[in-house]
Every structure is written in C-alpha cells, then in structure tokens.
1. Looking only at the stretch 139-160, decide whether some residue is in a loop (DSSP other than H, G, I, E, B), at pLDDT 80 or above and charged (D, E, K, R).
2. Let me spell it out: the conditions are (1) under 15 Å from the mean Cα position of the chain (by Cα); (2) under 18 Å from Val64 (Cα atoms), and Arg105 meets all of them except one. Which number is the exception?
3. If Ala120 meets every condition in (1) modelled with pLDDT of 80 or more; (2) more than 10 Å from the chain's Cα centre (by Cα); (3) surrounded by 13 or more Cβ atoms within 10 Å (Cβ to Cβ); (4) at negative phi apart from one, which number is that one?
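The values are calculated or read from the model by the stated rules, or taken from the named source; none is laboratory data. Bear in mind that the values here come from a model prediction, so they are computed numbers and not experimental data. Every residue, glycine among them, receives a Cβ derived from its backbone with ideal geometry; neighbour counts consider all protein chains shown.
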Amino acid sequence: MTWAHRIGFRWASWRIRRRDLFTVDVRFALSSGGEALIFLPESAEVLAASLVVCRSMAKWFAPVRLMVLSASRVPPTVAEAGLPVLVVPAAVNRWGLPYRPVVRRVRTMTPRVAMSLHPAFDLASAYLCVESGAPLRVGFRGPNIGFFNLQYTWREEDRADPAAHYGRFLEMLADLRLAAVP
C-alpha cells in the first residue's frame, strides 16, 4: 500500500466511523429481495469466476446492478455475464478512493445489498458499499472497521482456484438465505 493509499484509507475509515451505521438482520436482507449492487474485480481470471455469484444474485434480487471500477481506459470483458455491467474507467483517485461523481451516482441507487467481490480488500469498492446506504454490505476479509457487516475469508487453498472460492461463498450466502425462509 502506497503512502497515498494509506492516507485515503485513514480518511475513509474516519468518514465511515462518523456515520450512523446500524446492525442488520443478514438472513432477512438476503431473503427479502430488493435491489443489489455488486462491485466486480477488474482482473479477467477472477472476474470470470465471480460471475457465478452474479447470476445467482440476479435470481434473488431485482434488479442487480454490476459495476467495475477500472483503473485503465480499456474496460474488461464482461459480455459473458448476460447481465448489464457498468464499467467506470479511471474512477479511482491517487488515494485509492472513488471520485465524487462516482460516489454521487452510487448514492442514488439505494440498494438493499451492496457487495464487493474483490478477493482482497479493495478500498474503493468497500467505501462505495458504505456510501450506497445498503443495510447489508458484504465483502471479503479486510480491516474490521465497519466497511462490511458480513465478511467472508478467502481460504488459502482457494488462491489458485477462484471458482472454488466463489462457489463456497455462494453456498454460504444460499445457506443464510434459506435459513430465513419459514
């Protein structure tokens, strides 16, 4: 992490701590429908594996909005998703945080669930999950300071096989979702 990203991380941490973050019933949020916002990883091999989660979420929520914050001007290939994907090129500043127009755009979406499918902690998508106002914010293990209220740990044996990782993640979400159905 560069010094600029450290500054961005500290600022984002301070900003979200000042917000009135509330607890949420995870099972109810996953089973009650509504809108979902999913931030996809930019890496092509991990992106392809994460699309399994997106297809299942499209069955659980309506609508599902997929967003890729791209560091480059060339958008990643996401045509095989079968879902509309918004690619926002050059959306992150030197501190690792999203630019204000991107934050404003995400705030207007008002999803029930916001999810970051980056295998490692990604400050920009974690920050946008909070800024979206979603009661349920899901992400992978990172600094435990309030970005996500449901975290999942990437197993060491899954580093070489992202498809297995996302498969386990989806199973966990499905179990939580089904536990809520009477």
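1. no
2. (1)
3. For Ala120, the exception is condition (3).
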